[in-house]
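Some notes on the structure that comes next.
Any read-out appearing in this document is the output of simple, stated calculations on the displayed coordinates, not a laboratory observation. Being a predicted model, the structure only gives us computed values, none of them experimental. Every residue, glycine as well, gets a Cβ built from its backbone with ideal geometry; the counts of neighbours run over all protein chains shown.
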Amino acid sequence: MRSCILSFSLLFLLSYHPLSSSAASSKLDKVCNNLGGWYVSPELCHSVFSADPQSPTADLDGIAIISANIAAKNATSVIADLNKFLKASSDPNHQKALQTCLQVYTDVIPKLNSVTESIKSKNFAEAENVFNAALGVPAKCDHATANYPPVRALVDKEDVYFSSVVLVAKAVSGYLASN
């Protein structure tokens, strides 16, 4: 009986201080675990931040800046893929649709690069405006490719991931604005 009580007491104590996690969770964990109101799961948040090894040790502003940088890098990656698709296409209509996608992604990169200054100056409303504009990029690309299912299929994967990355960046910025 005594060992049963001891085991129960030990189990009770460990439930408040689990051995598997540090006593102080990282700021990234705190942010990722509190973005549900922006419809971002902790898993999505952590998967986006896994692209930057400095994320787990960053402060709150650093996390927001990293998220903006990841979004800009992702847009650059999408452009590279769109250029590959463009080179592989011989259909003028497909090329025109891809050119439109290239243009909207190209246009958003300077905005995403400049959002770090808004974050540093605590101008989260401006950062949110940039992220909202960035969230519109995939829709513009989808509209341009709507009549060309083969092109749309190529671009959809890029658009969905970009949207996810930007949604996380917007949620982090919103989290900082409210805290």
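Based on DSSP H assignment, which helices of the chain show an axial Cα extent of at least 24 Å together with a mean Kyte-Doolittle hydropathy greater than or equal to 0.5?
60-88, 149-178
Of the peptides 95-103, 77-85, how do they stack up when ordered by the mean number of other Cβ atoms within 10 Å, highest first?
95-103, 77-85
Grab the beta carbon distance between Thr76 and Ala139, set R0 = 22 Å, and tell me the FRET efficiency rounded to 0.05.
So, using R0 = 22 Å, E works out to roughly 0.65.
Normalised by the residues of the chain, what does the relative contact order come to in percent, with Cα pairs under 8 Å and at least six apart?
26
Would you mind calculating the gained length between Asn179 and Gln103 on full extension (0.36 nm times residue separation, minus the Cα-Cα distance), in nm to one decimal?
23.8 nm is the gain from fully extending Asn179 to Gln103.
Could you tell me which of Val172, Leu98, Asn132 has its Cα farthest along the dipole of the chain towards the positive end, charges placed at Cβ (Lys, Arg +1; Asp, Glu -1), taken about the Cα centre?
It is Val172.
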